[in-house]
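All remarks here apply to the structure that follows.
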Amino acid sequence: MKPANRRMPSQREHLLRIAIASAVLSWAYGIGWAQTLVEKGPERQPTVFPDRIILTWNADPARTQAVSWRTDQSVRSGAAELVGSDGAIKWVQYENRTREALMDPASIRRVPAASQDHAETRSRYHQAVFDALTPGREYFYRVGDGEHWSEWLSFRTAAGGREPFRFLYFGDAQFGLRSLWPRALRAALRAAPDARFLVHAGDLVDYGDSDVEWGQWFDSGGWILASVPSIPSPGNHEHTKLSVKPEVWRLSPFWRLQFTLPEHAPQAVAEQAYYVDYQGTRIISLNSVHQIEDQAVWLKDVLRHNPNRWTIVTFHYPLYDAGKREASLPAMNLARKLWGPIFIEHAVDLVLTGHWHEYFRGPVPPKSKGDGTVGPMWVTSTAGGCCLPTQLYQVVSVNGDRLDFDATTVDGRAYDGFTLVKGRGRRDTVRERRPPGASIVGFRETPDR
């Protein structure tokens, strides 16, 4: 039978469908249906052996590396061991004639971990920081308690100066943590095996207080999260709303247990608002859910004293309208008023966000000055399921005065692309590299409400 011709929905209809789906999900949360979206999977109870191992930074990525992991509560003291990539191997001969290759103890450095219980899940979280490292060097490490160890894993420190690099950016993982999120992460790493870090723009999980969901997120990330450092920003789903008027939010207790991040910002957003300087680029994370005013003051100072060539900011809520209902979210309106002008004043190059489970991209203000230059390039994307049938990952490449951005579907189709070029002034020139036939929805300037 010949298939019937179907009219493709217009952009207006497509956006309306997404808004309706978002409204249905919001209503579902009110009656408790949203938890049915959580996939079934093994509920891995903590043991004496480390799991949920993840690399982050809380200081200079050229000379330090932070690692966090989980065990059960019988492990009172954790430790991490480190050896250079040229560390010696020692062969051990046992009485039953078996042999085992081990790292030579003489070449291993052991670092004690800070540890804290999570009573509800009967688990204990450990955090260690390797310091005094050599820039641009490969290291091997493992975590444990002196008797029960993880496998040996590896990481590479950043170079000491401005050198080319690539990283991966993901929108919301949130839904499909065992089915959709892992394929986006793995497809991205296949496309950019030399990626130096992962940017997560909020809503890593659907319910931030769910130990099961965090377990699924870590299981799907596996050795990737333990080998490629992450730069995560919290979304609204990493929070619980305690009050509507005024809005009062509580960050999931798992956030600071699982991630070892810089404590640059005011205490209320410690390890949520922070920055990392990586090979001539400053990457700034913000919490767009609450504490907007305090972060604006901190953000000005961070941008005013920024010696880097490129500046990238990441957080969860997009600040500008792409035909959606952001007026219903007070934090978006306030952040747009307070943060938007700061980004323009201090020549932020790229802003990476999530939340809408859709892909939008464009400069704001949307028109150039007439000389081809633009203000910050804003991007909203998604990595998990829900409202957009297409899963995406983004590869961002920084090389001297050029920044390349490529959005790709998980099955390898080019979805969007552009290049930012630094000129003599503070604004960037944009070169479009959209695939033929691509229709990318842009942002529009939104009047203050």
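Where a number appears in this text, it was derived from the coordinates with a stated rule and is not lab data. Every value quoted in this text rests on a predicted model; they were computed, and no experiment measured them. When we count neighbours, we look across all protein chains shown, and the Cβ atoms used for this are built from the backbone with ideal geometry, even at glycine.
Structural remarks
- Segment 160-299: Rg to Rh, with Rh as the Kirkwood radius over Cα pairs: 0.97
- Beta bridge orientation in segment 165-432: antiparallel %, DSSP, nearest 5: 70 percent
- Peptide ranges 168-176, 207-215, 132-140 listed from the most packed, as the mean C-beta count within 10 angstrom indicates: 168-176, 207-215, 132-140
- Principal axis dimensions, largest first and in whole angstrom, of segment 112-164 by Cα: 45, 21, 19
- Counted by neighbouring Cβ atoms within 10 Å, the residues 332, 103, 377 run from fewest to most as 103, 377, 332.
- Evaluated over the Cα positions of segment 51-156, the convex hull gives a direction-averaged projected area, one quarter of its surface, of 7.7 nm².
- Scoring 141-147, 242-248 by mean Cβ neighbours within 10 Å over their residues and listing the highest first yields 141-147, 242-248.
- Averaging the Cα positions of each part gives two centres, and for segment 274-319 and segment 193-224 these lie 22 Å apart.
- Two-site label geometry, residue 72 and residue 95: point separation in nm, points 7 Å out along Cα→Cβ: 2.9 nm
- DSSP bridge pairs, segment 178-312: antiparallel proportion in percent, nearest 5: 60 percent
- Normalised alpha carbon radius of gyration of segment 165-432 [divisor 2.2 N^0.38 Å]: 0.94
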